[in-house]
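**Q** Below you will find the structure I want to go over with you.
The values are calculated or read from the model by the stated rules, or taken from the named source; none is laboratory data. Quantities reported herein were computed from a predicted structural model and do not represent experimental measurements. Cβ sites come from the backbone with ideal geometry, for glycine too, and all protein chains shown count toward neighbours.
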């Protein structure tokens with residue numbers, strides 16, 4: 001319910017108000033997410049097993065379901081000060097345009113060169129790699145937000161950064177590639193001849209344009225075959241949600257300062273890094289019975305893991321070399337149509353969020369691509385920020401909720417996550433401007449075929 | 001001299017601390033800039049003559065050399081609140097990397113979708129057009145920052161926006177074009193068949209890739225031949241420097257709050273909109289004898305109007321249809337080489353800044369393109385912001401000044417303007433990353449040939 005009308009357009013916290021600890025929502029979950037399993041043994045992955053792929057301290061964070069607050073090291077806090085706090089924006093112009101009694105807020109994570117919230121976890125993961133005395137880290141990137149973020153973090157810490165970029169993106173998104181190269185990363189189109197798995201795929205499919213799953217496989221192989229390297233991942237993992245909790249913590253501090261009590265919290269969801277971070281402290285309140293919120297996960301209708309997937313153990317990668325995670329999934333063989341330009345293409349969902357969704361602690365909606373871009377354009381014109389297509393999923397859902405308030409007269413307080421900017425997505429915007437963007441929605445049969453291939457656990 | 005060490009990484013003013021008036025530096029100039037002349041009569045342009053091309057209130061601002069403070073209308077102040085205050089950043093990481101005793105600050109104007117400071121004047125010019133009851137405005141754009149800014153302002157005020165974009169940029173920078181289209185602007189590659197001047201040029205040079213001068217001519221023709229339209233310009237003019245004074249006013253308020261007394265103020269200079277805005281209130285102090293500063297204008301060695309031009313009456317456009325302005329100029333026929341990717345390509349300089357430079361109130365340096373991109377990359381890696389090439393001119397000069405302090409041991413306070421981000425300049429960064437960027441410096445003969453063609457006044 002609305003109280004304070006003296007809220008500025010943008011609330012910036014002072015440095016002293018910025019979080020000093022990450023918040024680990026798992027500590028407040030009575031029923032925890034299911035553990036990752038070793039596909040060879042069917043048993044939970046041990047710290048030692050995970051340590052071959054990930055940095056030691058990150059493995060500890062991955063497996064820590066109990067510690068509520070984990071201190072943010074000073075180096076990371078100083079890095080955060082370079083681009084954080086991010087503004088909590090009151091969407092006065094959007095409210096007025098919609099004629100809604102709702103108050104709409106968004107936490108804008110796009111005001112940094114990586115263009116998204118991904119930097120929050122990239123600097124953390126690079127920091128622990130550096131602390132462990134490693135030479136470098138490897139990762140994959142599709143559209144390039146995560147790869148850019150990791151490149152920036154590694155440049156700051158003078159750490160080597162090896163990025164496998166899905167070949168079609170490498171060729172069609174040369175600007176993202178150049179940003180990464182400007183930050184000193186080595187960027188290789190995947191599949192490549194630099195790994196055995198890449199060589200094998202190229203021998204079998206010489207004309208393939210690559211996939212995220214293949215790029216993951218190459219990045220992992222590079223890490224485990226090169227001493228001094230580990231693999232890092234920008235979403236899905238528990239540790240990533242932990243780091244991203246800075247989004248929700250800052251938002252909560254800002255809203256608390258002005259006495260704003262939220263009703264609805266909305267985030268787009270691909271692997272779950274933004275949604276998990278945004279809702280973290282609010283979900284904690286709900287889990288502890290201190291407050292109630294309507295949490296809404298927004299996913300693309302073309303890749304609807306929450307709304308049309310199944311809750312089961314599955315591989316995180318299409319190459320099936322990663323551990324098994326229990327999550328809402330469309331099956332690791334599911335690939336959204338190439339006509340889908342709206343991001344959030346991952347077949348599964350963070351195990352933590354999957355468990356919370358299964359416990360009915362949140363709900364989910366799926367939105368078609370043309371509705372997403374329509375909302376994106378409207379938002380850009382009204383609020384002056386050109387959003388990433390991913391972020392525009394949340395915008396569309398927020399507009400829908402605000403319009404419901406217009407019907408019912410309820411002055412709800414709505415918060416959504418504006419995860420990033422769309423400056424590197426102008427090919428997709430161009431398609432929309434030219435009226436040649438179309439929607440793809442998988443059939444039940446499409447999904448069923450992939451679900452049938454799920455591993456037996 | 002440095003006093004306060006408790007300065008945060010970023011200083012954000014509160015909404016109530018944001019400027020309520022623009023500051024008109026002309027009011028404090030004892031010797032004013034020379035008036036614009038009508039090329040046909042050789043006499044100063046009257047308000048009536050200017051009113052055929054520009055909006056009435058903007059003409060009044062253009063000709064007002066006396067009013068020190070001009071109130072910022074509430075609509076514009078509300079729009080400013082959507083993306084301002086811009087942060088005043090303390091470059092702690094850069095200082096540490098350079099090992100300098102200097103304290104380096106920058107005012108970062110790139111955190112908005114137009115990607116630069118241009119939005120500060122775009123919203124003002126669109127506002128006065130709307131207030132006058134006009135249907136729309138016309139303009140030209142080269143790289144696209146100004147066109148993007150104007151499109152955003154017009155979308156907000158629901159005003160028609162007609163942009164002539166230099167053909168080579170229209171084709172090679174499709175992303176900027178799509179941002180403008182997303183904001184509802186009509187973007188036409190120039191030269192075009194939509195104007196008489198365009199048709200004439202196309203008949204004569206069917207394969208031309210266009211020029212800024214030609215695009216200006218088309219935009220002006222469209223405005224004067226379509227009832228309800230006026231022409232707007234993003235730099236050079238007195239009114240633009242007035243609107244851009246928000247940059248300097250915010251910076252001064254932020255520094256005053258922390259008791260920081262500047263020694264050196266550095267801005268890149270093309271037409272002068274950023275430099276004029278950044279230095280405005282500080283130059284006012286210097287003109288009134290209240291303080292002294294070392295002002296440095298930084299220009300590209302490929303287009304060195306201050307450092308190698310002459311102070312004379314000249315046309316602002318290569319088509320020679322605009323009024324004559326007295327300014328430092330390389331001659332309106334001067335064109336920087338196509339290999340110059342670093343922006344700031346205008347042949348002349350704001351008349352106000354030209355007069356101040358002639359009075360030795362500031363100095364100027366010219367920097368080669370490869371030095372600019374080297375500084376840009378260094379800055380991106382250290383401070384986490386990928387700068388526009390234009391802005392990187394100021395970065396390079398600031399680094400040079402800070403390194404001088406390292407030699408002398410002087411703990412100077414240095415402020416520079418970081419006008420924008422380079423997200424739409426990745427083709428140039430790619431050339432730099434690939435080691436294929438080269439420098440162009442015009443010969444004395446190149447410049448002399450153009451100076452000889454200056455109009456006789």
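**Q** Hey, does the range B:401-413 have a residue that's away from every other protein chain (no Cβ under 14 Å) and under 21 Å from the mean Cα position of the chain (by Cα)?
**A** no
**Q** Quick check on the range B:344-361: of everything there that is modelled with pLDDT of 90 or more, under 17 Å from the mean Cα position of the chain (by Cα) and over 20 Å from residue B:63 (Cβ atoms), which residue is surrounded by the fewest Cβ atoms within 10 Å (Cβ to Cβ)?
**A** Checking each candidate, the answer is B:357.
**Q** Shifting gears a bit: Do we have any residue at all in the range B:37-52 that's more than 14 Å from chain A (Cβ to nearest Cβ) and crowded, with 20+ Cβ neighbours inside 10 Å?
**A** yes
**Q** Just a yes or no: is a residue in the range B:84-101 at positive phi, more than 22 Å from the chain's Cα centre (by Cα) and surrounded by fewer than 23 Cβ atoms within 10 Å (Cβ to Cβ)?
**A** Looking through the range B:84-101, at least one residue is at positive phi, more than 22 Å from the chain's Cα centre (by Cα) and surrounded by fewer than 23 Cβ atoms within 10 Å (Cβ to Cβ).
**Q** If you don't mind, another one. Within the range A:63-70, is there a residue that is within 23 Å of residue A:147 (Cβ to Cβ), surrounded by 15 or more Cβ atoms within 10 Å (Cβ to Cβ) and within 22 Å of the chain's Cα centre (by Cα)?
**A** No - not one qualifying residue is present in the range A:63-70.
**Q** Listed residues B:187, B:220; which is within 14 Å of chain A (Cβ to nearest Cβ), in contact (Cβ under 8 Å) with a residue 12 or more places away in the chain and either in a helix (DSSP H, G or I) or over 20 Å from residue B:347 (Cβ atoms) (or both)?
**A** B:187
Residue-by-condition table, conditions (1) out of contact with any strand residue (DSSP E or B) (no Cβ under 8 Å at 6 or more places or on another chain); (2) within 14 Å of chain A (Cβ to nearest Cβ):
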{"site": "B:66", "(1), (2)": "yes, no"}
{"site": "B:90", "(1), (2)": "no, yes"}
{"site": "B:99", "(1), (2)": "yes, no"}
{"site": "B:109", "(1), (2)": "no, yes"}
{"site": "B:122", "(1), (2)": "yes, yes"}
{"site": "B:136", "(1), (2)": "no, no"}
{"site": "B:145", "(1), (2)": "no, yes"}
{"site": "B:165", "(1), (2)": "no, no"}
{"site": "B:170", "(1), (2)": "no, yes"}
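**Q** Of the residues B:398, B:376, B:394, which single one is without any contact (Cβ under 8 Å) to a residue 60 or more places away in the chain, under 28 Å from residue B:245 (Cα atoms) and part of a helix (DSSP H, G or I)?
**A** The conditions single out B:376.
**Q** Okay, next question. Would you check if residue B:248 is surrounded by 24 or more Cβ atoms within 10 Å (Cβ to Cβ), in a helix (DSSP H, G or I) and in contact with a helix residue (DSSP H, G or I) (Cβ under 8 Å, 6 or more places away or on another chain)?
**A** yes
**Q** Same structure again: All but one of (1) away from chain A (no Cβ under 14 Å); (2) crowded, with 24+ Cβ neighbours inside 10 Å; (3) within 27 Å of residue A:378 (Cα to Cα) hold for residue B:179, so report the exception by its number.
**A** Among (1) away from chain A (no Cβ under 14 Å); (2) crowded, with 24+ Cβ neighbours inside 10 Å; (3) within 27 Å of residue A:378 (Cα to Cα), residue B:179 violates only (1).
**Q** Something else about it: Looking only at the range A:284-314, which residues are assigned to a strand (DSSP E or B) and within 18 Å of the chain's Cα centre (by Cα)?
**A** A:295, A:296, A:297, A:298, A:299, A:300
**Q** Just checking, how many residues over the range A:55-79 are in contact (Cβ under 8 Å) with a residue 40 or more places away in the chain and out of contact with any helix residue (DSSP H, G or I) (no Cβ under 7 Å at 6 or more places or on another chain)?
**A** Total satisfying the criteria: 6.
**Q** Okay, moving on. For the range A:115-132, give me each residue that is free of Cβ contacts under 8 Å to residues at least 40 places away in the same chain and either buried (at least 23 other Cβ atoms within 10 Å of the Cβ) or within 27 Å of residue A:265 (Cα to Cα) (or both).
**A** A:119
**Q** Within 14 Å of chain A (Cβ to nearest Cβ), modelled with pLDDT under 95 and surrounded by fewer than 16 Cβ atoms within 10 Å (Cβ to Cβ): which single residue out of B:17, B:5 fits that description?
**A** B:5
**Q** Determine, yes or no, whether residue B:215 is surrounded by 23 or more Cβ atoms within 10 Å (Cβ to Cβ) and touching a residue at least 60 places away in the same chain (Cβ under 8 Å).
**A** Yes, satisfied.
**Q** Check whether at least one residue in the range B:335-343 is on the phi < 0 side of the Ramachandran plot, in a helix (DSSP H, G or I) and surrounded by 24 or more Cβ atoms within 10 Å (Cβ to Cβ), and report yes or no.
**A** no
**Q** Then there's this: Within the bounds of the range B:440-455, is there any residue that is part of a helix (DSSP H, G or I), touching a strand residue (DSSP E or B) at 6+ places or on another chain (Cβ under 9 Å), within 14 Å of chain A (Cβ to nearest Cβ) and surrounded by 17 or more Cβ atoms within 10 Å (Cβ to Cβ)?
**A** Taking every residue of the range B:440-455 in turn, none turns out to be part of a helix (DSSP H, G or I), touching a strand residue (DSSP E or B) at 6+ places or on another chain (Cβ under 9 Å), within 14 Å of chain A (Cβ to nearest Cβ) and surrounded by 17 or more Cβ atoms within 10 Å (Cβ to Cβ).
**Q** I've got another one for you. Checking residue B:386 against (1) under 14 Å from residue B:104 (Cβ atoms); (2) buried (at least 24 other Cβ atoms within 10 Å of the Cβ); (3) over 17 Å from the mean Cα position of the chain (by Cα), which single condition isn't satisfied?
**A** (1)
**Q** Can I ask one more? Quickly run through the range B:411-438 and pick out the residues that are in a loop (DSSP other than H, G, I, E, B), crowded, with 17+ Cβ neighbours inside 10 Å and touching a residue at least 60 places away in the same chain (Cβ under 8 Å).
**A** Result: B:412, B:419, B:423, B:424, B:425, B:437.
Results for (1) out of contact with any strand residue (DSSP E or B) (no Cβ under 7 Å at 6 or more places or on another chain); (2) over 19 Å from residue A:273 (Cβ atoms), shown as yes or no for each residue.
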{"residue": "A:12", "(1), (2)": "yes, yes"}
{"residue": "A:15", "(1), (2)": "yes, yes"}
{"residue": "A:19", "(1), (2)": "yes, no"}
{"residue": "A:26", "(1), (2)": "yes, no"}
{"residue": "A:40", "(1), (2)": "yes, yes"}
{"residue": "A:43", "(1), (2)": "no, yes"}
{"residue": "A:47", "(1), (2)": "yes, yes"}
{"residue": "A:51", "(1), (2)": "yes, yes"}
